[in-house]
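S.K.: This structure is in C-alpha coordinates; I'll ask about it shortly.
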Amino acid sequence: MYAQTDHFRQRLHQQGRYVSVPIVTEAIKAGQLRWNTTDGWRFALVKDGIRYVVVVSDTETRSPVVVTGWTEVADWAAASDSDRWDDTDIHTIRLRADLSAHRDEQIPDRIRPRAVDRAFEIGGHRVVTEVGAGSVECIECDGRFRSKDELNRRHCRR
(Lines give C-alpha, C1' and ligand atoms only; values in the text may rest on other atoms or scores of the structure.)
Protein backbone atom coordinates (compact mmCIF):
# COMPACT_ATOMS: atom_id res chain seq x y z
CA MET A 1 0.00 0.00 0.00
CA TYR A 2 1.45 3.33 -1.07
CA ALA A 3 0.93 6.61 0.75
CA GLN A 4 -1.26 9.20 -0.97
CA THR A 5 -0.55 12.86 -1.60
CA ASP A 6 -3.04 15.48 -0.44
CA HIS A 7 -3.64 16.25 -4.12
CA PHE A 8 -4.71 12.67 -4.78
CA ARG A 9 -6.91 12.50 -1.66
CA GLN A 10 -8.72 15.68 -2.77
CA ARG A 11 -9.39 14.18 -6.19
CA LEU A 12 -10.96 11.08 -4.64
CA HIS A 13 -13.87 13.22 -3.46
CA GLN A 14 -14.50 15.14 -6.68
CA GLN A 15 -17.56 14.30 -8.78
CA GLY A 16 -16.59 12.96 -12.19
CA ARG A 17 -13.13 11.63 -11.25
CA TYR A 18 -14.12 7.94 -11.14
CA VAL A 19 -10.86 6.98 -9.40
CA SER A 20 -11.00 5.09 -6.12
CA VAL A 21 -8.52 3.46 -3.76
CA PRO A 22 -9.54 -0.07 -4.88
CA ILE A 23 -9.02 0.92 -8.55
CA VAL A 24 -5.60 2.38 -7.70
CA THR A 25 -4.65 -0.87 -5.97
CA GLU A 26 -5.86 -2.93 -8.93
CA ALA A 27 -4.04 -0.70 -11.43
CA ILE A 28 -0.77 -1.03 -9.52
CA LYS A 29 -1.13 -4.80 -9.10
CA ALA A 30 -2.57 -5.78 -12.49
CA GLY A 31 -2.26 -2.79 -14.81
CA GLN A 32 0.28 -2.04 -17.51
CA LEU A 33 3.38 -0.35 -16.13
CA ARG A 34 4.71 2.68 -17.99
CA TRP A 35 7.54 5.02 -17.09
CA ASN A 36 7.25 8.77 -17.42
CA THR A 37 10.26 10.78 -16.31
CA THR A 38 8.28 13.93 -15.42
CA ASP A 39 5.58 12.33 -13.25
CA GLY A 40 6.96 9.04 -12.02
CA TRP A 41 5.63 5.57 -12.66
CA ARG A 42 2.36 5.35 -14.52
CA PHE A 43 0.12 2.33 -14.19
CA ALA A 44 -2.74 1.91 -16.68
CA LEU A 45 -5.68 -0.45 -16.30
CA VAL A 46 -8.59 -0.83 -18.74
CA LYS A 47 -11.94 -1.99 -17.35
CA ASP A 48 -15.30 -1.82 -19.10
CA GLY A 49 -13.90 0.44 -21.84
CA ILE A 50 -12.37 2.97 -19.43
CA ARG A 51 -8.63 3.37 -18.87
CA TYR A 52 -7.57 4.28 -15.34
CA VAL A 53 -4.16 5.93 -15.15
CA VAL A 54 -2.41 6.12 -11.78
CA VAL A 55 0.83 8.03 -11.19
CA VAL A 56 3.17 6.86 -8.43
CA SER A 57 6.35 8.73 -7.59
CA ASP A 58 9.26 7.96 -5.33
CA THR A 59 11.27 11.08 -5.96
CA GLU A 60 11.91 13.26 -2.92
CA THR A 61 10.06 10.81 -0.64
CA ARG A 62 11.27 7.89 1.43
CA SER A 63 8.66 5.57 -0.04
CA PRO A 64 6.45 5.63 -3.16
CA VAL A 65 3.34 7.81 -3.08
CA VAL A 66 0.23 7.93 -5.26
CA VAL A 67 0.43 11.38 -6.82
CA THR A 68 -2.64 11.48 -9.05
CA GLY A 69 -5.05 9.44 -11.09
CA TRP A 70 -7.48 9.98 -13.92
CA THR A 71 -9.72 8.19 -16.41
CA GLU A 72 -9.81 8.11 -20.20
CA VAL A 73 -12.23 6.50 -22.63
CA ALA A 74 -10.30 3.57 -24.11
CA ASP A 75 -13.23 2.00 -25.99
CA TRP A 76 -16.47 3.97 -26.32
CA ALA A 77 -18.52 0.96 -27.43
CA ALA A 78 -17.29 -1.24 -24.57
CA ALA A 79 -17.96 1.54 -22.05
CA SER A 80 -21.47 2.06 -23.47
CA ASP A 81 -22.20 -1.67 -23.33
CA SER A 82 -21.02 -1.90 -19.73
CA ASP A 83 -23.45 -1.79 -16.82
CA ARG A 84 -20.86 0.28 -14.95
CA TRP A 85 -21.14 3.45 -17.07
CA ASP A 86 -24.04 5.58 -18.28
CA ASP A 87 -23.78 8.09 -21.14
CA THR A 88 -23.20 11.03 -18.78
CA ASP A 89 -20.26 9.21 -17.14
CA ILE A 90 -18.65 8.49 -20.51
CA HIS A 91 -19.16 12.04 -21.78
CA THR A 92 -17.77 13.42 -18.49
CA ILE A 93 -14.65 11.26 -18.77
CA ARG A 94 -14.07 12.29 -22.41
CA LEU A 95 -14.73 15.98 -21.71
CA ARG A 96 -12.42 16.06 -18.69
CA ALA A 97 -9.69 14.27 -20.68
CA ASP A 98 -10.05 16.67 -23.63
CA LEU A 99 -9.89 19.73 -21.37
CA SER A 100 -6.75 18.36 -19.68
CA ALA A 101 -5.04 17.26 -22.90
CA HIS A 102 -5.58 20.71 -24.48
CA ARG A 103 -5.46 22.82 -21.32
CA ASP A 104 -4.11 26.00 -22.96
CA GLU A 105 -6.38 25.87 -26.02
CA GLN A 106 -10.01 26.74 -26.52
CA ILE A 107 -11.72 23.52 -27.62
CA PRO A 108 -15.35 24.29 -28.52
CA ASP A 109 -15.41 21.54 -31.17
CA ARG A 110 -14.44 18.93 -28.55
CA ILE A 111 -17.02 20.27 -26.07
CA ARG A 112 -19.97 20.47 -28.53
CA PRO A 113 -20.64 16.70 -28.80
CA ARG A 114 -20.71 16.23 -25.00
CA ALA A 115 -23.85 15.94 -22.88
CA VAL A 116 -23.01 16.32 -19.19
CA ASP A 117 -25.94 17.19 -16.93
CA ARG A 118 -24.33 16.09 -13.63
CA ALA A 119 -21.91 18.82 -12.61
CA PHE A 120 -18.29 17.87 -12.06
CA GLU A 121 -15.54 19.96 -10.51
CA ILE A 122 -12.68 21.36 -12.51
CA GLY A 123 -10.63 24.44 -11.69
CA GLY A 124 -12.82 25.24 -8.69
CA HIS A 125 -15.94 25.35 -10.86
CA ARG A 126 -18.83 22.87 -11.05
CA VAL A 127 -19.48 22.53 -14.77
CA VAL A 128 -22.05 21.03 -17.10
CA THR A 129 -22.63 21.23 -20.85
CA GLU A 130 -25.17 20.16 -23.43
CA VAL A 131 -24.85 18.87 -26.96
CA GLY A 132 -24.16 21.76 -29.32
CA ALA A 133 -22.76 24.13 -26.69
CA GLY A 134 -19.20 25.20 -27.44
CA SER A 135 -18.40 25.80 -23.77
CA VAL A 136 -18.89 24.36 -20.32
CA GLU A 137 -20.98 26.35 -17.85
CA CYS A 138 -20.41 26.65 -14.11
CA ILE A 139 -23.66 26.01 -12.24
CA GLU A 140 -22.41 28.13 -9.34
CA CYS A 141 -21.24 31.36 -11.02
CA ASP A 142 -22.81 30.96 -14.51
CA GLY A 143 -19.40 31.44 -16.13
CA ARG A 144 -18.83 29.91 -19.56
CA PHE A 145 -15.45 28.43 -20.42
CA ARG A 146 -13.83 26.91 -23.52
CA SER A 147 -10.55 25.74 -21.99
CA LYS A 148 -9.13 24.34 -18.79
CA ASP A 149 -6.82 27.34 -18.58
CA GLU A 150 -9.86 29.67 -18.45
CA LEU A 151 -11.42 27.49 -15.73
CA ASN A 152 -8.23 27.67 -13.67
CA ARG A 153 -7.64 31.41 -14.18
CA ARG A 154 -11.08 32.68 -13.22
CA HIS A 155 -12.25 32.02 -9.68
CA CYS A 156 -15.78 30.83 -9.10
CA ARG A 157 -17.92 33.48 -7.47
CA ARG A 158 -20.30 31.21 -5.56
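Every residue, every condition in (1) hydrophobic (A, V, I, L, M, F, W, C); (2) touching a residue at least 24 places away in the same chain (Cβ under 8 Å); (3) surrounded by fewer than 20 Cβ atoms within 10 Å (Cβ to Cβ); (4) on the phi > 0 side of the Ramachandran plot, yes or no:
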| site | (1), (2), (3), (4) |
| --- | --- |
| R84 | no, yes, yes, no |
| D87 | no, yes, yes, no |
| T92 | no, yes, no, no |
| H102 | no, yes, yes, no |
| E105 | no, yes, yes, no |
| P108 | no, yes, yes, no |
| D117 | no, yes, yes, no |
| V136 | yes, yes, no, no |
| S147 | no, yes, no, no |
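S.K.: To continue, here is another question. Of all the residues that make up the stretch 58-82, how many are of a type in the set (G, A, S), closer than 22 Å to R9 by Cα and open to solvent by 10 Å² or more (accessible area, probe 1.4 Å)? Steps first, please.
M.R.: So the first thing to find is which residues in the stretch 58-82 are of a type in the set (G, A, S), and the list is 63, 69, 74, 77-80, 82.
Narrowing further to those that are closer than 22 Å to R9 by Cα: 63, 69.
Adding the requirement that they be open to solvent by 10 Å² or more (accessible area, probe 1.4 Å) leaves 63.
Of the residues in that region, 1 qualify.
S.K.: Can you confirm whether the stretch 143-154 contains a residue that is of a type in the set (K, R) and in contact with a helix residue (DSSP H, G or I) (Cβ under 6 Å, 6 or more places away or on another chain)?
M.R.: From the stretch 143-154, those of a type in the set (K, R) are 144, 146, 148, 153-154; that's our starting set.
Right, trim to in contact with a helix residue (DSSP H, G or I) (Cβ under 6 Å, 6 or more places away or on another chain) and you get 146, 148.
Among the residues of the stretch 143-154, at least one is of a type in the set (K, R) and in contact with a helix residue (DSSP H, G or I) (Cβ under 6 Å, 6 or more places away or on another chain), which makes the answer yes.
S.K.: Which of (1) farther than 20 Å from Y18 by Cα; (2) surrounded by 15 or more Cβ atoms within 10 Å (Cβ to Cβ) is the odd one out, the single condition R96 does not satisfy?
M.R.: (1)
S.K.: Are any of the residues in the stretch 32-44 touching a Gly at 6+ places or on another chain (Cβ under 7 Å) and under 21 Å from F120 (Cβ atoms)? Talk me through it step by step, then tell me what you get.
M.R.: Taking the stretch 32-44 first, the residues touching a Gly at 6+ places or on another chain (Cβ under 7 Å) are 43-44.
Checking the rest, the ones that are also under 21 Å from F120 (Cβ atoms) come to none.
No: the stretch 32-44 contains no residue that is touching a Gly at 6+ places or on another chain (Cβ under 7 Å) and under 21 Å from F120 (Cβ atoms).
S.K.: Restricting attention to the stretch 90-138, which residues are closer than 11 Å to L151 by Cβ, among the polar types (S, T, N, Q) and part of a loop (DSSP other than H, G, I, E, B)?
M.R.: S135
The values are calculated or read from the model by the stated rules, or taken from the named source; none is laboratory data. Keep in mind the model is a prediction, meaning the values are calculated, not measured. Counting neighbours? That spans all protein chains shown, and the Cβs are built from the backbone with ideal geometry, glycine included. What goes into the accessible areas is simple: the full protein's heavy atoms, side chains included, and nothing from ligands, DNA or RNA. Shrake-Rupley method; radii C 1.70, N 1.55, O 1.52, S 1.80 Å.
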